[in-house]
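All of the numbers you see were taken from the coordinates with simple rules; none came from a lab. If you're wondering where the values come from, they're calculated on a predicted model, not measured in any experiment.
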Amino acid sequence: MSAAPEPASDGEGFAVEATEAGLQTLVPGVVPVTLGDRLAVLAAAPLVATKRQRPADHGLFDTNARNQLEMF
């Protein structure tokens, strides 16, 4: 395995490094997104149902029962 090449300056103040895809600009203060960062975003995302859910229209959540005008 070869060592990572040392970044060189492109003359405009940013460092660049040669990769298989071409020259890559290295911006100071910007770090690459890691696998841990991606997993943290997925873990913080709200849960999503895998199947269609039936409405909760009974008991406490019954909105039609709230429209009742008479008690008896």
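Near the amide H of Ala15, within less than 5 Å, lie the amide hydrogens of Leu26, all on another chain or at least 5 residues away, with H placed in the peptide plane. For the stretch 41-47, 3J(HN,Hα) computed residue by residue from phi via the Karplus equation (6.51, -1.76, 1.60; θ = phi - 60°) reads 5, 5, 5, 7, 6, x, 6 Hz, glycine and proline entered as x.
Here the Karplus relation 6.51 cos²θ - 1.76 cosθ + 1.60, evaluated at θ = phi - 60°, turns the backbone of the stretch 49-61 into coupling constants of 5, 8, 10, 5, 9, 6, x, 8, 10, 9, x, 5, 9 Hz, with x for every Gly and Pro.
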